[in-house]
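Okay, so here's the structure we're looking at.
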Amino acid sequence: MDQKGFSLIEIMVVIAIISILSAVAIPGYQSYMQKAAMTDVLQTILPYKNSVELCSFNQGLLAKCNSGKEDIPSNIKGKYLKQIDAKAGVITFVGDKTLTGLTGILTPTSSTATSPFSWSISCQADTNADLKKLCEKTLSF
């Protein structure tokens, strides 16, 4: 008897191979997506960072450097940011979509009103330690 087609065992082997490949590929893909999302966050935060530095230079202090004032943007929405705000020069953000659960605080420090800034970054990720490390690495100025 001449049979055509695949046996049940052959189909099960193919499904097992596809499952194993998927188990390997999905975490790598998620990591790639998080890196791309953090690049978008960096591009969204830069106007705030630059404006806070200019505001401090012009005003002589950070207390007046708030979102929507002194040319600091307000309500800029990034694809992966739910919220971004600047108060007294401190920039805070909350992640969205691929970055859900991520929050960050960028704090400027300067020894004098005319000296260059250094920025400290504090990131918190609800359940993903790798995302926290990626955030701190991407936003280290």
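The values are calculated or read from the model by the stated rules, or taken from the named source; none is laboratory data. A quick note: this is a predicted structure, and the numbers were derived from the prediction, not measured. A quick note on method: Cβ atoms are made from the backbone with ideal geometry, for glycine too, and the neighbour counts reach across all protein chains shown.
Of everything in region 91-109, what is in contact (Cβ under 8 Å) with a residue 24 or more places away in the chain, surrounded by fewer than 17 Cβ atoms within 10 Å (Cβ to Cβ) and either closer than 18 Å to residue 60 by Cα or charged (D, E, K, R) (or both)? Give them in sequence order.
97
List pairs: first in region 126-141 and at pLDDT 90 or above, second assigned to a helix (DSSP H, G or I) and basic (Lys, Arg), Cβ under 9 Å, 6+ apart or cross-chain?
134/35; 138/35
With respect to residue 24, determine if the residue is of a type in the set (Val, Ile, Thr) and without any contact (Cβ under 8 Å) to a residue 60 or more places away in the chain.
Yes; evaluated as a whole, the condition is true for this residue.
Do we find a residue being touching a residue at least 60 places away in the same chain (Cβ under 8 Å), of a type in the set (D, E, K, R) and surrounded by 14 or more Cβ atoms within 10 Å (Cβ to Cβ) anywhere in region 36-47?
no
Is one or more of the residues making up region 52-64 of a type in the set (D, E, K, R), in contact with a Leu (Cβ under 7 Å, 6 or more places away or on another chain), within 27 Å of residue 134 (Cα to Cα) and surrounded by 15 or more Cβ atoms within 10 Å (Cβ to Cβ)?
No, there is no match, as no residue in region 52-64 is of a type in the set (D, E, K, R), in contact with a Leu (Cβ under 7 Å, 6 or more places away or on another chain), within 27 Å of residue 134 (Cα to Cα) and surrounded by 15 or more Cβ atoms within 10 Å (Cβ to Cβ).
Give the residue, chosen from 68, 5, 78, 28, that is of a type outside the set (Phe, Trp, Tyr) and either touching a Phe, Trp or Tyr at 6+ places or on another chain (Cβ under 6 Å) or surrounded by 12 or more Cβ atoms within 10 Å (Cβ to Cβ) (or both).
Only one candidate qualifies: 78.
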